[in-house]
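Written out below as C-alpha cells is the structure these notes cover.
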Amino acid sequence: MRITSKNSRVNKFKKIRQSIQKAGTEKFRIKAVPEEDCFENSSGGRITMYSEKVMDHFQHPRNVGEIENASGVGTVGNAKCGDIMRMYLDIDDNGIIQDCKFKTFGCGAAVATSSMATELVKGKTIQEALEVTNKAVMEALDGLPPVKVHCSLLAEEAIHAALWDYAEKHHIKIEGLAKPKSDISEGEEEEEY
C-alpha cells in the first residue's frame, strides 16, 4: 500500500521518535510535530531536527532572487516531495562565477540548501563549482536529517543544470558535466510501509 506524502512524513517521524526513545536520549514522552519538522517533549519544549546553520539559512536565506540575463539558469525538482529549485549563475569571460541567486519552492531544508549552495559557488571557477557536491552542502550546513538529504541533492543538481545551460548557450563542453536530471526522484523506487 502506498502512503500519501503527509502519512509518509508522519511515519518517518514515528521511526525517528522510536530511535530516540531506544537510545535513551529523551527520558520522557516525545510527540512528533511533522508540520514543523520537530519534536515536542512532555514538558512542551521543542527538539529541532536541524542545525543552527540550517535554521539560519532558512530564516535568513542568502542570494534569493533572479539574475537578469543570467549566463546559466537551471531548474530541478523532486516530484515525490514537490520541491522545486531554480539556480541563476552570472559567469564572466574568465569562467568565474561572479554572482549566483536562487528561487526555491519547498521546505525549510530546500531553502537552506539552496542558500548554502549559492554561497559555495560564488567566486569559484566553473570546474570548482562542478565539484560542489550534496555532501559538501550538507557539511557546510552542519548536517541534515536523513529524511532531508534529497534537498542537498537538489542543490547539487541545480548547480549542474545551470552550468549545463551555460554550456549550451556558449556551445562549449564542460569536462565532467553530464546532462542533469530535471526530476531527482527519477529512477528511485517508491517507499512502501
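So which residues in the stretch 59-115 are under 14 Å from Ala161 (Cα atoms), among the polar types (S, T, N, Q) and touching a Pro at 6+ places or on another chain (Cβ under 9 Å)?
Scanning the stretch 59-115 gives a single hit, Ser114.
Quick check, is Glu157 within 19 Å of Asn78 (Cβ to Cβ) and either in contact (Cβ under 8 Å) with a residue 40 or more places away in the chain or of a type in the set (Lys, Arg) (or both)?
yes
Does the stretch 117-130 contain at least one residue that is open to solvent by less than 40 Å² (accessible area, probe 1.4 Å), in a strand (DSSP E or B), touching a Lys or Arg at 6+ places or on another chain (Cβ under 8 Å) and closer than 22 Å to Ser182 by Cβ?
Scanning the stretch 117-130, I find no residue that is open to solvent by less than 40 Å² (accessible area, probe 1.4 Å), in a strand (DSSP E or B), touching a Lys or Arg at 6+ places or on another chain (Cβ under 8 Å) and closer than 22 Å to Ser182 by Cβ, so the answer is no.
Just one of Gly77, Gly143 is in contact (Cβ under 8 Å) with a residue 24 or more places away in the chain, assigned to a loop (DSSP other than H, G, I, E, B) and either small (Gly, Ala, Ser) or open to solvent by less than 80 Å² (accessible area, probe 1.4 Å) (or both); which is it?
Gly143
Spot the failing condition for Leu154; the list is (1) assigned to a loop (DSSP other than H, G, I, E, B); (2) buried (at least 19 other Cβ atoms within 10 Å of the Cβ), and only one is missed.
It fails just one condition, (1).
Output yes when any residue across the stretch 33-51 is modelled with pLDDT of 95 or more, on the phi < 0 side of the Ramachandran plot and of a type in the set (Val, Ile, Thr), and no when none is.
Checked against the condition, which is being modelled with pLDDT of 95 or more, on the phi < 0 side of the Ramachandran plot and of a type in the set (Val, Ile, Thr), the stretch 33-51 yields no hits at all.
In the stretch 90-104, is there at least one residue being in a strand (DSSP E or B), β-branched (Val, Ile, Thr) and open to solvent by 40 Å² or more (accessible area, probe 1.4 Å)?
yes
Look at the stretch 157-184 and say how many of its residues are of a type outside the set (Gly, Ala, Ser), assigned to a loop (DSSP other than H, G, I, E, B) and surrounded by fewer than 22 Cβ atoms within 10 Å (Cβ to Cβ).
Number of matching residues: 9.
The values are calculated or read from the model by the stated rules, or taken from the named source; none is laboratory data. Everything quoted here is computed from the prediction, not taken from an experiment. Reconstructed Cβ throughout: ideal geometry from the backbone, glycine too, with neighbour counts over all protein chains shown. These accessible areas exclude ligands, DNA and RNA; they are computed on the full protein's heavy atoms, side chains included. Shrake-Rupley method; radii C 1.70, N 1.55, O 1.52, S 1.80 Å.
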